[in-house]
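Peer 1: Could you have a look at this structure, given as structure tokens, before my questions?
The values are calculated or read from the model by the stated rules, or taken from the named source; none is laboratory data. As the structure is a computational prediction, the values presented were derived from the model and not from experiment. Ideal geometry is used to build each Cβ from the backbone, glycine not excepted, and the neighbour counts take in all protein chains shown. Ligands, DNA and RNA are stripped out before the accessible areas are found, and what is left, the full protein with its side chains, is counted by its heavy atoms. Shrake-Rupley method; radii C 1.70, N 1.55, O 1.52, S 1.80 Å.
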Amino acid sequence: QLKSSAVRAALFDRLQAMGALLPHLVASTAYVSKHAQLMPGCIVMHRAVVNAGAVIGANSIINTCANIEH
């Protein structure tokens, strides 16, 4: 557990400013609908579900077993 996400956010912003390509990462056991949108740098952890119509913002972390609806 981090006390603040400020360092992570600053690194993300710096990488984007440098033109880095930041893919989204999805665990092999997660489900992401083909009708959901994943923005750059987001991470979807094991057994998480991201259903149709959901939009996951840039640099977000969806924790294990989370369920994201529209």
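Peer 1: Report, by residue number, each residue of the range 24-57 that is open to solvent by less than 50 Å² (accessible area, probe 1.4 Å), touching a Leu at 6+ places or on another chain (Cβ under 8 Å) and either farther than 21 Å from Arg8 by Cβ or part of a loop (DSSP other than H, G, I, E, B) (or both).
Peer 2: Scanning the range 24-57 gives Val32, Gly41, Cys42.
Peer 1: Among the residues of the range 8-22, write down those that are surrounded by 10 or more Cβ atoms within 10 Å (Cβ to Cβ) and out of contact with any Phe, Trp or Tyr (no Cβ under 8 Å at 6 or more places or on another chain).
Peer 2: Arg8, Ala9, Ala10, Leu11, Phe12, Asp13, Arg14, Leu15, Gln16, Ala20
Peer 1: Do you know which of the residues in the range 58-70 that are open to solvent by 80 Å² or more (accessible area, probe 1.4 Å) and out of contact with any strand residue (DSSP E or B) (no Cβ under 6 Å at 6 or more places or on another chain) is modelled with the highest pLDDT?
Peer 2: Only one residue fits best here, namely Asn63.
Peer 1: What are the pairs, 6+ residues apart or on separate chains, where a residue within the range 44-58 that is among the polar types (S, T, N, Q) has its Cβ under 8 Å from a residue that is open to solvent by less than 50 Å² (accessible area, probe 1.4 Å) and part of a strand (DSSP E or B)?
Peer 2: Partner pairs satisfying both residue conditions: Asn51/Ile68.
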